[in-house]
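Structure first, then comments.
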Amino acid sequence: MGIREAAHAESDPYASCLFITPLSCSLVGKTMEVSVKPRTQAADIYRNTRATERYYCNFGLNPAYQDQLVGAGLEISGTDQAGEARITELPSHPFFIGTLFVPQANSAKGKPHPIVLAFLRSAALRRRF
């Protein structure tokens, strides 16, 4: 988007252009439902429009910039009950998914999280020999 001063409140809390800001309520240790937008890569990965995820975060996408990010091509493909972004993706990229939750926290030996598995499959398809 060409915004050089875009910053994260955790590393630069006094920046003039905070795209990532503290959440109004910490999600550390919480498990919450995510609504997944149909016809997105996230929906294809989950094979569902609902998921339950565990969180370990205190920061999230600044809602003041959400429309601008969407206008630039980022898709909000998962939201919480309040409609806040929890999964983002870049549809023009083979695999560009960001989550506010930690997918590997819901992985187990022999049963990786669907997003982790999708990432590995995508990487394997694009592997250069």
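Quick notes
- Nearest-0.05 FRET efficiency for Val70 and Met32, computed from C-beta distance (R0 30 Å): 0.85
- In terms of surrounding Cβ atoms within a 10 Å radius of their Cβ, Phe119, Phe19 rank from fewest to most as Phe119, Phe19.
- Our summary gives the chain a relative contact order of 20 percent, counting only alpha carbon pairs under 8 angstrom and 6 or more residues apart.
- About the centre of its Cα atoms, the chain shows a dipole size close to 820 debye [charges on the beta carbon of Lys, Arg (+1) and Asp, Glu (-1) only; nearest 20 debye].
- Measuring between their Cα centroids, the stretch 71-129 and the stretch 19-64 lie 11 Å from each other.
- In terms of surrounding Cβ atoms within a 10 Å radius of their Cβ, Tyr56, Tyr65 rank from fewest to most as Tyr56, Tyr65.
- Once both labels are positioned 7 Å from their Cα atoms along Cα-to-Cβ, the gap between Arg121 and Leu23 label points is 2.8 nm.
- Restriction of the GluC sites (Glu not before Pro) in the stretch 1-83 to DSSP coil positions whose beta-carbon has at most 10 other beta-carbons within 10 angstrom yields Glu5.
- The ranking of Lys109, Lys30 by Cβ neighbour count inside 10 Å, starting from the fewest, reads Lys109, Lys30.
- When the charge dipole of the chain is built from unit charges on Cβ atoms (+1 for Lys and Arg, -1 for Asp and Glu) and taken about the Cα centre, the candidate among Ala43, Pro114, Gly83 whose Cα reaches farthest toward its positive end is Pro114.
- Computed log₁₀ I(q)/I(0) - Debye formula, equal Cα scatterers, no solvent, the stretch 6-126, q 0.12, 0.16, 0.17, 0.21 Å⁻¹: -0.45, -0.81, -0.91, -1.31
Only the coordinates and a few stated rules stand behind these numbers; no lab work does. The shown structure was predicted, so the numbers you read here are calculated from the model rather than taken from an experiment. In this analysis, Cβ positions are derived from the backbone assuming ideal geometry, glycine residues included, and neighbour counts consider all displayed protein chains.
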